[in-house]
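Below you'll find the structure, written out as structure tokens, and then a few comments.
We did not get these values from a lab; they are worked out from the coordinates using the rules stated. Given the structure is predicted, the values throughout are model-derived calculations rather than measurements. Here the Cβ is made from the backbone with ideal geometry for all residues, glycine too, and neighbour counts use every protein chain on show.
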Amino acid sequence: MDRGKLFNICVVIPAYNAEKTIANVIRGALKYVPLVIVADDGSTDNTARNASEAGAEVIRMNENRGKGHALKVLFRMAIERGFDAAITIDADCQHDTEDLPRFIREYEKHPNDLITGSRTFTEANMPRARYNAMQVARFYISLAANQFIEDTQCGFRLYPLGLIKKLRLVTEGYVTEAEILIKAGDMGVRIRSVTIGAIYNSYTSHFKAVSDGMAIGAYLEYFLIIKWLIEGVSSNKPYTYLPGRAHDFFGDNTITYRLSLAFATLFIVPATLFFLIEYLLLPLIIKNNFASVRALNVSFFVITLATHMAPVLMVLSIVDKILNGLGLKVRVVDKFIKVFYPYLWDKRRD
């Protein structure tokens with residue numbers, strides 16, 4: 001018996017206009033799991049028909065609602081069908097289904113952990129702008145999740161559905177995948193990585209670098225402000241997320257939630273100065289406040305400086321792009337990121 005079937009794991013695929021690739025992904029996945037569920041996210045082509053013919057159970061949505069909404073629908077279906085875990089994989093052949101056994105083996109050893117794929121992307125084998133953006137995103141997502149996550153943007157993951165049932169997911173689009181990592185990590189869940197292959201530049205991503213990147217950044221700022229507000233006045237409390245509490249307080253109302261994101265974006269820079277003062281002064285009366293930061297053996301000054309340098313990074317990125325377009329091969333942004341967004345975590349953790 002295939003081990004994915006033995007361990008009651010299914011594969012779930014959010015799909016949008018993937019008629020050329022979806023069947024191959026499904027057939028590859030069915031070698032290792034008993035069921036593949038596809039959410040056809042308002043496709044205008046034959047994605048749903050091709051998925052069904054390839055052996056998947058298909059959920060048709062009348063309009064395109066984005067990846068986050070599709071994932072939540074898929075998780076709900078997998079839970080209703082009684083599965084213990086779901087592996088998400090993209091519909092466009094970006095991921096190799098032959099890597100599925102790696103997730104299953106890791107799940108066998110650590111059934112309560114969230115497992116992410118880690119692609120072997122470097123400065124040499126992917127576009128510089130995207131590589132640099134991933135380094136900055138990894139810096140902040142790892143801070144929020146209380147642990148280093150090798151590849152925070154990879155959609156090839158195994159989610160224990162018991163964990164998904166505990167989370168309250170309030171975001172949409174590509175933000176949802178980051179939200180799950182952040183909330184799981186800030187609940188104390190271990191996030192593990194397995195090395196996978198990736199077929200880069202052979203597909204057209206629906207990810208919009210500017211708008212989706214800004215949406216993820218806004219959510220990170222919102223989450224971190226609340227996290228550090230709690231940690232600043234708490235002793236020995238590195239994990240701050242509780243479903244339905246502070247981090248989710250504005251999630252039920254679209255208007256207040258968007259206003260909260262806007263507020264966080266505007267005030268994240270002065271907020272880190274406030275947190276730095278708390279970090280330096282409050283230990284006189286609150287021992288080991290900002291426990292998640294102190295566990296890194298660095299000062300909150302490093303985070304404050306990184307956040308204050310974000311506007312400079314944006315300007316440098318624009319200048320870098322213009323200069324490279326003119327044929328001048330500059331690497332100012334690369335060096336800037338290495339200096340101000342350093343690696344802070346201990347990778348030796350088992």
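Each Lys and Arg adds +1 at its Cβ and each Asp and Glu adds -1 at its Cβ; summed about the Cα centre, the chain shows a dipole of about 660 debye.
Entry note, the chain: relative contact order of 15 percent, from Cα contacts under 8 Å with a spacing of 6+ residues. For the listed peptides 310-319, 324-333, 214-223, a ranking on the average number of other beta carbons within 10 Å per residue, highest first, reads 214-223, 310-319, 324-333. GNM on the chain, alpha-carbon springs under 10 angstrom: the most fluctuating residue among I141, I182, I268 is I268. Simple point charges give the picture: +1 on the Cβ of Lys and Arg, -1 on the Cβ of Asp and Glu, and for region 213-308 a dipole about the Cα centre of about 180 debye.
What translational diffusion coefficient, in µm²/s and rounded to a whole number, does the Stokes-Einstein relation yield for the chain at 25 °C and a viscosity of 0.890 mPa s, taking the hydrodynamic radius as the Kirkwood radius over Cα pairs? Diffusion coefficient, whole number: 116 µm²/s.
Shape verdict for region 3-207, please, from the Cα gyration tensor: rounded (a/c under 1.5), prolate (a/b greater than b/c) or oblate. Rounded, because the longest to shortest axis ratio a/c is under 1.5. Helix 254-281 and the longest principal axis of the C-alpha atoms of the chain enclose an angle of approximately 40°. Taking θ as phi - 60° and the Karplus parameters 6.51, -1.76 and 1.60, the scalar couplings of region 68-78 work out to x, 5, 4, 4, 5, 5, 5, 4, 4, 5, 4 Hz in sequence order, x denoting glycine and proline.
In this simple spin-label model, placing a label point 7 Å from the Cα along the Cα-to-Cβ direction at both R190 and R128 gives a separation of 3.9 nm. Using a Förster radius of 30 Å, what is the FRET efficiency between S234 and L323 based on their Cβ-Cβ separation? Nearest 0.05, please. Rounded to the nearest 0.05, the efficiency is 0.05.
Relative to the current alpha-carbon distance between L281 and V332, full extension at 0.36 nm per residue lengthens the span by 14.8 nm.
A crude spin-label estimate for the pair D346 and R102, with each label 7 Å from Cα along the Cβ direction, gives 2.6 nm. For the chain, the residue among Y174, F156, T195 whose Cα projects farthest onto the positive side of the dipole built from Cβ charges is T195. Dipole magnitude for region 3-207: computed about the Cα centre from +1 point charges on Lys and Arg Cβ and -1 point charges on Asp and Glu Cβ, it is near 440 debye. The calculated 222 nm mean residue ellipticity attributable to helices in the chain amounts to -15000 deg cm²/dmol, summing -39500 (n - 2.57) over DSSP H runs of n ≥ 4 and dividing by all residues. With 25 Å as the limit, the listed pairs K31/K166; K109/K166; K20/K166; K67/K183; K287/K338; K72/K237 have K31/K166; K20/K166; K287/K338; K72/K237 beyond it between alpha carbons. Considering only L284, L167, L158, the Gaussian network model of the chain with Cα springs below 10 Å gives its largest mean-square fluctuation to L284. Taking each residue as 0.36 nm, the span from M314 to K31 lengthens on full extension beyond its C-alpha to C-alpha distance by 97.4 nm. Looking only at the chain, where both bridge partners belong to it, what percent of the DSSP beta bridges are antiparallel (to the nearest 5)? Here the share of antiparallel DSSP bridges comes out near 25 percent. Along the axis of the charge dipole computed for region 74-142 (Cβ charges of +1 for Lys and Arg, -1 for Asp and Glu, origin at the Cα centre), the listed residues M134, P101, M77 are led at the positive end by M134.
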